[in-house]
Amino acid sequence: MKNLRQKFDPPKKHADFKWTRGSPSIEAYDGHTKGDRIMRSRFREGYYHFGVCFWGAIGKIVEIGDTLSGNYYLIHDHGDARAVFDQIDWNKYLSESYCVGAPQCTPEMLIKIYEGEKWKLKHREN
């Protein structure tokens, strides 16, 4: 029988952006933990540029500062990542994925979908 298991770990990082899971609202980080202090500092510095929902309304893009609970990838954009995220048809990608329970977008899926859409946009322009 042929071994169908992956022999490498899919990427969880991308050169175009950094991501962190969390809430796009600074009010969610009102505790006294080191993590809460770091997040409050990043919010005040304007480190995150937008959020992408990874569970529930998958792919919904929200602005930082919106009073919402978690389930978001908070994106620090190094360039034009927002333009790529705005073009993604999340329903197409999610219909091709396999999820146990409620559908969600894993970090590996986020990078793979982003790469695919970035490639399409680049080749559509040429």
Of the residues in segment 60-90 that are acidic (Asp, Glu) and out of contact with any Gly (no Cβ under 8 Å at 6 or more places or on another chain), the one that is nearest to Phe17 (Cα to Cα) is Asp77
Determine which member of the set Asp80, Asp66, Asp86 is closer than 21 Å to Ile26 by Cα and open to solvent by 30 Å² or more (accessible area, probe 1.4 Å).
-> Asp66
Counted residues, segment 100-112 - those being assigned to a helix (DSSP H, G or I) and open to solvent by 60 Å² or more (accessible area, probe 1.4 Å) | 1
State yes or no: is Ala15 closer than 14 Å to Asp77 by Cβ, open to solvent by less than 100 Å² (accessible area, probe 1.4 Å), touching a residue at least 12 places away in the same chain (Cβ under 8 Å) and among the small types (Gly, Ala, Ser)?
-> yes
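The values are calculated or read from the model by the stated rules, or taken from the named source; none is laboratory data. These numbers were taken from a predicted model, which means no experiment stands behind them. Using ideal geometry, Cβ is built from the backbone for each residue, glycine included, and neighbour counts are taken over all protein chains shown. Accessible surface areas use protein heavy atoms only, side chains included; no ligands, DNA or RNA. Shrake-Rupley method; radii C 1.70, N 1.55, O 1.52, S 1.80 Å.
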